[in-house]
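The values are calculated or read from the model by the stated rules, or taken from the named source; none is laboratory data. Computed from a predicted model, the values in this text were never measured in an experiment. Here Cβ is always computed from backbone atoms with ideal geometry, including for glycine, and neighbour counts include all displayed protein chains.
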Amino acid sequence: MADSVSERTTIEAPAADVLAVLLDFERYPEWARDLKEAEVLVRDAEGRPLEVRFRAAGMGHSTSYTLRYDHSRPDRLAWRLVEGDVARKLDGQYTFHELDGGGRTDITYDLEAELKMPLPRFVKRRTQLKISHTALRELKARVEAGHR
């Protein structure tokens with residue numbers, strides 16, 4: 001059974017700047033602490049990443065997974081797991097809502113995850129909360145550093 005988590009923050013930058021950082025997957029290892037590699041495998045006709053393979057560190061181990069991205073809505077970047085060595089499901093999305101005429105962006109991060117190995121619920125929940133909190137905190141720092 002998949003578990004889900006949702007977290008929200010406000011970034012002091014326009015949504016276009018947030019999306020530009022999110023779509024620059026090859027640079028994730030520079031700012032996303034637990035990501036060691038990110039490789040775009042497939043791009044769409046507009047050059048946007050469709051499938052990306054990641055290698056991440058987590059709980060003292062290295063894990064690999066491939067995500068497929070959905071660019072169908074301008075206010076959202078969604079993904080679903082294509083394959084992963086420890087995850088059965090790792091689907092989520094960032095949803096953007098511009099504030100103050102576009103100078104600030106409210107962003108929501110939703111994640112639904114299911115691991116292949118059994119873990120106590122509190123361990124899974126703590127891990128998901130760490131992932132969502134870290135993802136938003138590091139994204140906010142990266143976007144705001146480039147926007148200043």
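Quick rundown of the values:
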item: Enumeration of residues in segment 90-110 that are of a type outside the set (S, T, Y) and surrounded by fewer than 18 Cβ atoms within 10 Å (Cβ to Cβ); result: H97, E98, L99, D100, G101, G102, G103, R104, D106, D110
item: Boolean, E39 is over 14 Å from L136 (Cβ atoms), of a type outside the set (A, V, I, L, M) and not in a loop (DSSP other than H, G, I, E, B); result: yes
item: Candidate set: segment 44-79, residues that are among the polar types (S, T, N, Q) and not in a loop (DSSP other than H, G, I, E, B); chosen: the one modelled with the highest pLDDT; result: T66
item: Failed item in (1) closer than 16 Å to A135 by Cα; (2) modelled with pLDDT under 95, with D24 passing the rest; result: (2)
item: Single residue of E39, E7 found to be among the acidic types (D, E), surrounded by fewer than 17 Cβ atoms within 10 Å (Cβ to Cβ), touching a Phe, Trp or Tyr at 6+ places or on another chain (Cβ under 9 Å) and under 18 Å from L90 (Cβ atoms); result: E39
item: Subset tally (residues that are farther than 17 Å from F25 by Cβ, of a type in the set (V, I, T) and in a strand (DSSP E or B)) for segment 80-106; result: 2
item: Criterion violated by T66 - all others in (1) under 25 Å from A141 (Cβ atoms); (2) among the hydroxyl-bearing types (S, T, Y); (3) within 14 Å of the chain's Cα centre (by Cα) satisfied; result: (1)
